[in-house]
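Read through the structure below, which is laid out as structure tokens, and then see the notes.
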Amino acid sequence: MAYSDKVIDHYENPRNVGSFEKEEEGVGTGVVGAPECGDVMKLQLKITPKGVVEDARFKTFGCGSAIASSSYITELVKGKSVDEVRGISNTEIVEELSLPPVKIHCSVLAEDAIKAAISDWEAKNGGDKDAS
Amino acid sequence: MTVAHRIYLDNHSTTRVDPRVLEAMMPYFTEQYGNAASRNHEFGWEAERAVEKARSQAAALINAKPKEIIWTSGATESDNLAIKGVIEFYKEKGNHIITVQTEHKAVLDTCKALERSGTATFTLIKPKPDGLVDLDDLRAAITDKTVLISVMHANNEIGVIQPVAEIGAIAREHGIIFHSDGAQSVGKIPVDVEAMNIDLLSISAHKIYGPKGVGALYVRSRKPRVRLQAQMDGGGHERGMRSGTLAVPMIAGLGEACEIAGAEMAVEAARVQALRERLRHKLFEELDELYINGDLEQRLPGNLNISFAFVEGESLMMGLREIAVSSGSACTSASLEPSYVLKALGVGDDLAHTSIRFGIGRFNTEEEIDVVAEKVIKEVRRLREMSPLYEMAKEGIDLKSVDWG
């Protein structure tokens, strides 16, 4: 399978690889996928008290498209409000990275990772969904 | 990146045609283009001589008689002809096949097709965790309806070498025909159809530095004489077992490939195995959490199949772009299922997704192995730094205990 230039770029130069301390204030962590399925993504969002994503980190076990999808979303979410980030759909990722049909599940996983990270942040912040 | 910098370590998939093989083929494309079945002119005779020379060369490699070699389009066709041919010919005697979970799809899917059509039933033996067949399991699977045992000689993914001589002895003792898929073994390790009691043996040219599109089936002619129902009807070529005008240049190539393999086997196997061991030692010295899939002793000289825990196979291959290897990861296949061969060994899906098959062959050099080892080590380290699983494992979390939802 041939990879798109953007997938190769994210794979070779992944953005925002790493971890925040899980307990750090404002950090929401989402871990989605399973080793048996060949994909695990960990996405962490650092969110200001006003509900703006100021930083993001990821670590991914998965194919090149999964790595690229998670790398791309760490760029995509920065500076956006929690509500905007919550609205990100996997099709944006598919289009940006020109993912072929067999790799669409990578983009779905990335979308799931965003939602899981926000849920974690909300749970830690007492469900403060009004912050925006 | 130029072509010269590519490194080919996927020799179980296919091999480069040896220049000596190509040279042996060329005259039959250009000047001597006759049909081997033309019995009345020089063009036909010289083509026939080429085909018969190749038959002797192929037979010599496996200790068979020339007339026991039937030309086919490749090992897949040979597997189909052997299995369907036996089942159809011996239907009065029985309809049961015994084979193994780790066989090539050409065997497994042929058995499934026969079952679907109601022609045969089959029992799949689960191999031991080292990939080898337990002979007691084989004996236990035999019924009074069993007419065929099909067990490959060497596995295409993990390279393990099955105890075919012992299996052949069991088959012979029970009067059951024994077919072995020799696509990966013939020309790489000694094969002796007499000593191993093999009745039918599938051979492929392109796995032994010959051309793609040609293969052979060894069919035992006596003690016992094995009969087959032809799967291709037509002019009655190949003693009626496989009609179709013979691909003379390809057959000449297969013959030459067999002759070279036989003459150079001992030296080549030692050299290739030394390269394999060089690669293995370098990887194990520098990386932790590596797992060899399949028995290391009963193994093809050029095969190394390793799971690089916490690093998904396709992503590793992507990092090794100028190096051709293959992976048991689902992401490299259309099925989204990881390797059924590794699954049969009891390798978990998590580790199956991290497996890489290195297939070392005749044209690989020590310099190439060193480059591959260096790149693999570098990429595995990089990807593990990016892997949440490696991070969790290093924190002491048991990944098996995690609820992945």
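Would you be able to say whether some residue in the stretch B:64-84 is assigned to a loop (DSSP other than H, G, I, E, B) and under 20 Å from B:Arg222 (Cα atoms)? Yes, the stretch B:64-84 has at least one match. Take the conditions (1) in contact with a Lys or Arg (Cβ under 6 Å, 6 or more places away or on another chain); (2) without any contact (Cβ under 8 Å) to a residue 40 or more places away in the chain; A:Thr91 misses just one of them, which is (1).
Picking from B:Lys91, B:Lys112, B:Lys105, B:Lys84, which residue would you name as being among the basic types (Lys, Arg) and within 17 Å of B:Ala183 (Cα to Cα)? Going through B:Lys91, B:Lys112, B:Lys105, B:Lys84 in turn, just one is among the basic types (Lys, Arg) and within 17 Å of B:Ala183 (Cα to Cα): B:Lys105. Checking each residue in the stretch B:25-63 for being assigned to a loop (DSSP other than H, G, I, E, B) and hydrophobic (A, V, I, L, M, F, W, C) picks out B:Met26, B:Ala36, B:Ala37, B:Ile62. Checked against the criterion of being under 26 Å from B:Met152 (Cβ atoms) and either within 12 Å of chain A (Cβ to nearest Cβ) or at pLDDT below 95 (or both), the candidates B:Gly361, B:Gly348 yield just one match: B:Gly348. Which of the residues belonging to the stretch B:369-384 are open to solvent by less than 40 Å² (accessible area, probe 1.4 Å) and more than 20 Å from B:Lys400 (Cα to Cα)? Answer for the stretch B:369-384, where residues must be open to solvent by less than 40 Å² (accessible area, probe 1.4 Å) and more than 20 Å from B:Lys400 (Cα to Cα): B:Ile369, B:Val372, B:Ala373, B:Val376, B:Ile377, B:Glu379, B:Val380, B:Leu383. Put simply, of B:Val151, B:Val160, B:Val164 the only residue that is surrounded by 24 or more Cβ atoms within 10 Å (Cβ to Cβ), out of contact with any Asp or Glu (no Cβ under 8 Å at 6 or more places or on another chain) and on the phi < 0 side of the Ramachandran plot is B:Val164.
On inspection, B:Gly34 qualifies as more than 30 Å from B:Phe358 (Cβ to Cβ) and in contact with a Phe, Trp or Tyr (Cβ under 6 Å, 6 or more places away or on another chain).
For first residues located in the stretch A:7-29 and under 19 Å from B:Glu391 (Cβ atoms), partners that are acidic (Asp, Glu) and assigned to a loop (DSSP other than H, G, I, E, B) and lie 6+ apart or on another chain with Cβ distances below 8 Å form the pairs A:Val27/A:Glu21.
Taking the stretch B:201-233 as the range and being over 30 Å from B:Asn11 (Cβ atoms) and of a type outside the set (Ser, Thr, Tyr) as the test, the residues that pass are B:Arg222, B:Lys223, B:Pro224, B:Arg225, B:Val226, B:Arg227, B:Leu228, B:Gln229, B:Ala230, B:Asp233.
Could you pull out every one of the strands (runs of 3 or more DSSP E) wholly within the stretch A:1-103 that has 3 or more residues that are facing another protein chain (nearest Cβ under 10 Å) and open to solvent by less than 10 Å² (accessible area, probe 1.4 Å)?
A:39-47, A:53-61
Just one of the numbered conditions (1) free of Cβ contacts under 8 Å to residues at least 60 places away in the same chain; (2) buried (at least 24 other Cβ atoms within 10 Å of the Cβ) is not true of B:Glu173; which one? So B:Glu173 meets the others, but not (2). Just one of the listed residues (B:Pro224, B:Pro190) is open to solvent by 40 Å² or more (accessible area, probe 1.4 Å) and under 15 Å from the mean Cα position of the chain (by Cα), namely B:Pro190.
The values are calculated or read from the model by the stated rules, or taken from the named source; none is laboratory data. The shown structure was predicted, so the numbers you read here are calculated from the model rather than taken from an experiment. Cβ sites come from the backbone with ideal geometry, for glycine too, and all protein chains shown count toward neighbours. Side chains included, ligands, DNA and RNA excluded: accessible areas come from the protein's heavy atoms. Shrake-Rupley method; radii C 1.70, N 1.55, O 1.52, S 1.80 Å.
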